[in-house]
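Here's the structure we're looking at; comments come further down.
Readers should treat all values here as calculations from the given coordinates under stated rules, not as data from a laboratory. The structure presented is a predicted model; accordingly, all values stated were derived computationally and were not measured. Cβ placement follows ideal geometry from the backbone for every residue including glycine, while neighbour counts extend to all protein chains displayed.
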Amino acid sequence: MSETTRTEEKKLPLNGRRAIPPINSNDEENDVPEMEAFGLIPRGFNPRDYLRVVDINMFKDPHEINKQQHHTDKYYNPKLIVRRGQPFQIQIDFNRPYNPQTDQFWLEYLMGRYPQQNKGTYIPILVGNVLKPGEWGAKITHRENNSIRLSIMSSATCIIGKFRLYVAVWTPFGILRTRRNSATDTYILFNPWCQQDAVYLDDEKEREEYVLNDVGIVFHGSTEDIKSRSWSYGQFEENILDACLFLMDKAELELSGRGNPIKICRVASAVINSRDENGVIAGSWDNTYDYGVAPSAWTGSVDILLEYYSSKKPVRYGQCWVFAGVFNTFLRCLGIPARLITNYSSAHDNNGNLRLDFFLDDEGKVDTRLTKDSVWNYHCWNEAWMTRPDLPVGFGGWQVVDGTPQETSDGMYRCGPASVQAIKHGHVCFQFDAPFVYAEVNSDIFYSRREKNGTQVIEKIDTTHIGQLIVTKEVGGDGMMDITEEYKFREGSDEERLALETAVMYGVKKQSTQDTAYQPQKDVDMDFQVQKAVLGNDFKVTITFRNKSRNFYTATTYLSGNLVFYTGVTKSEFKNHSFSAKLEPSSSSSFDVVIKSSEYMSDLLEQASFHFFVTARINETGKILAMQKATVLEIPTLRIKTKGELVAGKEMSVIVEFTNPLKQTLENVTLRLEGPGVLRTTKKVFGRIPVNSTLTWEVKFIPIQPGLRKLIASLNCDALRHVYGELDVQIQKP
């Protein structure tokens, strides 16, 4: 049986509950009759005797009134694109002058295969004298010869997507309609400029950043060493809008629900990952990326979305910033204000009890067999801006949505939208998935050790390590904006304690420390610092003790250095060093441990992430001090420069250079270069780059649009990943 007949068979049998099948495809169409007769048509009837539409002008070019007024002039799409709740213009040319006394016509906007008025997929619009804000309507603004100019208002709550337009004319014997003409198709998007829209954002600079900026910054690395790289969202590039609408079809979101940003975010957070329903990106965290692209090699969302749109199969591979980058493109493309967030030291708590357990053995080393929870160096998610009429007043604004598959929510891998305000105040009872996000930014780390008799002793509780820094790109610049205070009150403040009590009251599990013996060593502080180091060099870790007591102590100290995935999962231990430290009364003492490049280079993982555990046992009291930190090596960058004039319509050159810093030859090196609005992604593979030698790659192209643009490049091979470069270029007008 062929595939097509099988799907038809699946669709055709209607069940006893519905008159028509579920409507969840924007692409499918119905046949609309050009002549809809009221009854028998008399023999002498000639449709040409009546008013007839000759042509419709949509004013759909980027420089024309509609796209200019609706901020949609950047979309690389020939059709009309407008935002809801705001008037737009069209012109209808008839075969003769229009006479309001005798002629009657109306407009019809249709979506999907079974347009219905009560579902918002069939919208008849009569021509009136006045437009009501935020409601469907049309009025004539200009009449000249055979033409009329109409101003059309769409509803501020209408469905998002692609509508088909028909003009219908009334005659005594039936309705005459225009032919199906795809050139008059109209895309309607969310409108952050319209006060009645659920995604209304009142600050123009923020709208320019969170809706119209097609490049962003991903912050990664670790709290101690923040790294940043550019990401091309490319929401205006060719076919991206259609690809984003296809995602809603793929997620089977019924058309009537597509005016609601809450529903759209919820289904999109599931369809961005491939864990259910074969969504857009397949995640891989194991450092092997056969038959796919390594997550660190992508420079933006466009290639991923276009590949998925054409193949309909998950694109390999992504990690959290890739899921978040593509999700951001989807949201901005549809007109929902969105930003990409990085949470440093993000808790991945397997049982949602606000506590991460690290188990130590007798000597104070971490027992990797028992320790199941992990701390991600960082985790990226998105925030989308919208009202939340489903929640009490005050919980609208930024909502957390996360497309990275971590835990299931209502049986699917998805997360959000969860109100940031609700997370801050501990009101985690409000949908969706607030307890999970609350734990990601608020968990405590418990270090515990099992005694010989089986009792568990808690040696240390670290309440400040998790969620210590939450950031996003600043508005109108490439800098970093610290938004930790939007998620949590200051550590140790009364408000913070109240928020925690509220969260516990609403069902977040939290084990109290009262039921376990916990008496930490209070008179000795331990800290350690990791020297900033360049990949391939030696560096040192400095451990500092401060003995605040009048006693003399000795501390048996262990340092364990591990190569980790950025998710905090250990791949291998490369350094294990122990020493005895003498701690004089009322004084500080420091100890250096040298890490040699030969110890870590052989097993290096792509993000060059290290995780250090330092534990020290005070021999006189038997108490243990414990601390952990993540650190990232400095990875060399790509150098990008331009050659020739930078003028729209003229050929220019971009040169990418890279010098191999490692003590080994790099093999099968892939370079990528892209610039939204300037250059589609180009790729080149170099067979090998010997030690200390420099690779040079020249790309020639013709920029189309003038303005300030960003070029983004990445280099990728098995031995070296996360190598990026970028350059701002000002393309002049010809």
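Global dimensions of the range 259-412 from alpha-carbon coordinates: Rg and Dmax equal 17.5, 59 Å. Put simply, the amide H of Y317, placed in the peptide plane, has neighbours under 5 Å in V293, leaving out anything fewer than 5 places away on its chain.
Where Lys and Arg each count +1 and Asp and Glu each count -1, what net charge lies around K710 among other residues with Cβ under 13 Å from its Cβ? Net of charged neighbours comes to -2.
For the pairs K119/K205; K452/K582; K312/K643, flag any whose C-alpha to C-alpha distance is greater than 30 Å. Checking Cα-Cα distances, K119/K205; K312/K643 exceed 30 Å. In this structure, I655 and V393 have a Cβ-Cβ separation that, at R0 = 56 Å, corresponds to a calculated FRET efficiency of about 0.50.
First measure r as the distance between the Cβ atoms of E36 and E252, then evaluate 1/(1 + (r/R0)^6) with R0 = 35 Å and state the FRET efficiency to the nearest 0.05. Approximately 0.65, to the nearest 0.05. Rounded to the nearest 20 debye, the dipole magnitude of the chain is 1100 debye, with +1 charges on Lys and Arg beta carbons, -1 on Asp and Glu beta carbons, and the Cα centre as origin.
Shape class for the chain: prolate, because the ratio a/c of the largest to smallest gyration tensor axis (alpha-carbon atoms, square roots of eigenvalues) is 1.5 or more and a/b beats b/c.
Between L126 and T682, what FRET efficiency follows from the Cβ-Cβ distance if R0 is 51 Å, with the result rounded to 0.05? The formula returns an efficiency of 0.50 here.
Each label was represented as a point 7 Å from its Cα along the Cα-to-Cβ direction; for T464 and E224 these points are 1.6 nm apart. With each label modelled as a point 7 angstrom along the Cα→C-beta vector, the K139-K365 pair spans 8.1 nm. Can you list the residues of the range 616-649 with backbone N under 13 Å from a point 7 Å past the Cα of K733, pointing along Cα to Cβ? Of the residues in the range 616-649, 648 have backbone N under 13 Å from the label point off K733. Spatial offset of the range 282-311 relative to the range 682-734 amounts to 18 Å, using the alpha carbon center of each.
Given axes a ≥ b ≥ c from the Cα gyration tensor, I'd like to know whether the range 59-156 is rounded (a/c under 1.5), prolate (a/b larger than b/c) or oblate. Judged from the Cα gyration tensor, the range 59-156 comes out oblate (a/c at least 1.5, b/c at or above a/b).
Which entries of K227/K424; K424/K522; K460/K548; K74/K710; K596/K629 have Cα-Cα distances beyond 20 Å here? From K227/K424; K424/K522; K460/K548; K74/K710; K596/K629, over 20 Å: K227/K424; K424/K522.
Candidate cross-link partners of K532 among the aspartates and glutamates, defined by an alpha-carbon separation under 17 Å and a same-chain spacing of 8 or more, comprise E224, D225, D592, E599, E634. Extension gain, K452-S147: 0.36 nm per intervening residue step, less the Cα-Cα distance, totals 100.5 nm. A straight chain from E620 to E485 at 0.36 nm per residue would run longer than the Cα-Cα distance by 44.5 nm.
Once the Cα-Cα distance is subtracted from the 0.36 nm per residue extended length, the D592 to F45 segment shows a gain of 187.0 nm. Each stretch of four or more DSSP H residues adds -39500 (n - 2.57); spread over every residue of the chain, this sum gives -3500 deg cm²/dmol at 222 nm.
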